[in-house]
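Step one of this worksheet: look at the structure below.
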Amino acid sequence: MSSEASARALPAGRIIAAADGAASVGEHGPASVRPATDADRGAWNAFVFSEPGSTFFHRIEWQDVLKRAFGHRTRYLLAERAGRIVGVLPLAEVKSTLFGHLLISTPFCVYGGIVAADATAFDALERYACELARELGVDYLEMRNVTRRHEGWPSKDLYVTFRKSIGLDPEVNMLAIPRKQRAMVRKGIKENLRSVVDPGVDRHYELYSQSLRNLGTPVFSRRYLETLREVFGPDCDVVTILKGDEPVASCLNFYFRDEVLPYYGGGSSRARAVAGNDFMYWEIMERARERGCRVFDYGRSKQGTGAYDFKRNWGFDPVPLHYEYFLVRGKELPNLSPSNPKYARAIGIWRRIPLAITQLIGPPIAKHLG
């Protein structure tokens, strides 16, 4: 169904009926839900930046990224009352023969789901999303929530997130890193590693795609990373670590309010020997502190993986993420994780494919692994 057809099927400004047939009305009055338009972009982001429960991934610019980099249809919904936005829900439709037909908030993002000023607006957005999922005939609607929000929906406990405050004093931040991990950071310093902010993504893409190939995971297109830089401007940068003139590690980072989110990181085969990754995250933290950031968001990791252990070694405590599912055509929870045994053989083969070939054939697959 096209976005235009969807808009006709779900009239703009409709008040969503509650389960008992009453309008979605609470102490704040009814909330109407409609698809967001270009005219709403400024008000959408103003709401996101002001609402405590929102994240970087609720920003309206992600709609541009998903369309331009992947060609996915977006379904960005807003709830309003008296002409004022009181809730938002970013959604994107991901459809492929291999992985199914999905409606996700939000693909390629750690966090998503509904952000609302009150329960009435939240309820209205939820009901609209469920009806949209039925009308589109998707396998399921996925909400990537930080906290449990949809009682009665199936949920996964596969992922956790790691967040920690950044102090004003760099020495205090260094001493807050557990001793063994701190020694790795100091090793990087002794190796005379240095960090630079790259103007483009070329060096980053080579290191990142190499890391993903070694994990057996298809890499995104270079265009996706370029689009992130273009769309988010100063709120997205690339920090690259050099040993002499040789790039050994690199990470693409996001900035939101007073938070830094190191998001896509990778390193060369030499990075381990010179503690390149350890030094990189320290440098990102230091640069973010100087920028005024006070929260370091290490992002999500699967429990029981090397990335999970690495982040815990930094003294970060895991916080479970609650990815919740409204099943439509699907009969059970999806399991597209690389930890699924059914993908073990494919992962083993992928690790042996030359890097240049994975950069060519990986993006058409990765665009559906939201």
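The values are calculated or read from the model by the stated rules, or taken from the named source; none is laboratory data. Predicted model, so just to flag it, every value in this text is computed and none were measured. Cβ atoms come from the backbone with ideal geometry, glycine included; neighbour counts cover every protein chain shown. Please note that ligands, DNA and RNA were not included when accessible areas were found on the heavy atoms of the full protein model with its side chains. Shrake-Rupley method; radii C 1.70, N 1.55, O 1.52, S 1.80 Å.
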Restricting to the stretch 327-338, count the residues that are more than 20 Å from the chain's Cα centre (by Cα), crowded, with 16+ Cβ neighbours inside 10 Å and of a type outside the set (Val, Ile, Thr).
2
Within the stretch 111-158, considering residues that are β-branched (Val, Ile, Thr) and closer than 23 Å to Ile85 by Cα, the one surrounded by the fewest Cβ atoms within 10 Å (Cβ to Cβ)
Thr147
Going by the conditions given, is Lys67 modelled with pLDDT under 95 and either under 18 Å from Pro363 (Cα atoms) or open to solvent by 10 Å² or more (accessible area, probe 1.4 Å) (or both)?
no
Please indicate, with yes or no, whether at least one residue in the stretch 77-98 is surrounded by fewer than 17 Cβ atoms within 10 Å (Cβ to Cβ), assigned to a strand (DSSP E or B) and not charged (D, E, K, R).
yes
Might you check whether a residue that is in a helix (DSSP H, G or I), modelled with pLDDT under 95, in contact with a Pro (Cβ under 9 Å, 6 or more places away or on another chain) and open to solvent by less than 60 Å² (accessible area, probe 1.4 Å) occurs anywhere in the stretch 189-205?
no
So which of Tyr263, Tyr281, Tyr255 ends up being touching a strand residue (DSSP E or B) at 6+ places or on another chain (Cβ under 7 Å) and open to solvent by less than 40 Å² (accessible area, probe 1.4 Å)?
Tyr281
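Per-residue answers, yes or no, for (1) in a strand (DSSP E or B); (2) over 15 Å from Phe57 (Cα atoms):
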position	(1), (2)
Thr217	no, yes
Leu228	no, no
Pro234	no, yes
Val238	yes, yes
Ile241	yes, yes
Pro247	yes, yes
Asn253	yes, no
Leu261	yes, no
Tyr264	yes, no
Only one of Ala288, Ala271 is in a helix (DSSP H, G or I), buried (at least 22 other Cβ atoms within 10 Å of the Cβ), in contact (Cβ under 8 Å) with a residue 12 or more places away in the chain and small (Gly, Ala, Ser); which?
Ala288
Restricting to the stretch 269-301, name every residue that is in contact with a helix residue (DSSP H, G or I) (Cβ under 8 Å, 6 or more places away or on another chain) and closer than 14 Å to Val160 by Cα.
Tyr298, Ser301
Of all residues in the stretch 241-252 being open to solvent by less than 20 Å² (accessible area, probe 1.4 Å) and either without any contact (Cβ under 8 Å) to a residue 24 or more places away in the chain or not small (Gly, Ala, Ser) (or both), the one that is nearest to Val110 (Cα to Cα)
Leu252
Go through the residues of the stretch 292-301 one by one and say whether even a single one is in contact with a Phe, Trp or Tyr (Cβ under 9 Å, 6 or more places away or on another chain), in contact (Cβ under 8 Å) with a residue 12 or more places away in the chain and open to solvent by 60 Å² or more (accessible area, probe 1.4 Å).
yes
Would you tally the residues in the stretch 155-178 being in a loop (DSSP other than H, G, I, E, B), modelled with pLDDT of 90 or more and in contact with a strand residue (DSSP E or B) (Cβ under 8 Å, 6 or more places away or on another chain)?
1
With the structure loaded, tell me whether Phe279 is more than 19 Å from Cys109 (Cβ to Cβ), touching a residue at least 60 places away in the same chain (Cβ under 8 Å), part of a loop (DSSP other than H, G, I, E, B) and over 15 Å from the mean Cα position of the chain (by Cα) or whether it fails that test.
no
When the residues of the stretch 302-325 are filtered to those that are touching a helix residue (DSSP H, G or I) at 6+ places or on another chain (Cβ under 7 Å) and closer than 22 Å to Ile241 by Cβ, which remaining residue is surrounded by the fewest Cβ atoms within 10 Å (Cβ to Cβ)?
Gly315
